[in-house]
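Read the structure below first, then the notes.
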Amino acid sequence: MVANALWGWLNHWKKVNWQCRGKPTWAAEIWQDIAARVEKLTVKVRHVDAHVSKSRANEEHLNNKQVDKAAKVKASQVDLDWQHKGEVFLARWALDASGLQGRDATYRWARD
């Protein structure tokens, strides 16, 4: 989600007053803060395979693991309402149940 936000969602959300389909963007204050910070930086977003053996891991993979840990810690501190907690739980369960194959594979798994 963060990569997609940086690739274009932030600009779109800003243009439509931090709305998505007529509803407020989830965690709009956080996204607004991120948008303000990245406006001042050169940000490069690239895909890094998350599941590689330690023998194949390079610096990008190690950085990815550190970012994942930091994101999980920060996300655990966000006080979500119960609906969002349920959605997050279901999304994590679907990802695990589909074999940790990524977003598109999880969508296909859930649809089929």
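Couple of notes before you dig in:
- Protection proxy ranking, highest mean first, for peptides 44-52, 23-31: 23-31, 44-52, where packing is the per-residue count of other beta-carbon atoms within 10 Å, averaged.
- Under-5 Å amide H pairs with T25, H placed in peptide plane, nonlocal only: Q19, C20
- In summary, the lysines within cross-link reach of K14, defined as a Cα separation below 24 angstrom excluding same-chain residues under 8 places away, comprise K23, K40, K44, K74.
- In terms of the mean number of neighbouring beta-carbon atoms within 10 Å, the peptides 3-16, 59-72 order highest first as 3-16, 59-72.
Here, each number is a calculation from the coordinates, and none is a lab measurement. What you are looking at is a predicted structure, and each value in this text was computed from that prediction instead of being measured. Positions of Cβ are generated from backbone atoms using ideal geometry, with glycine treated the same way; all protein chains shown enter the neighbour counts.
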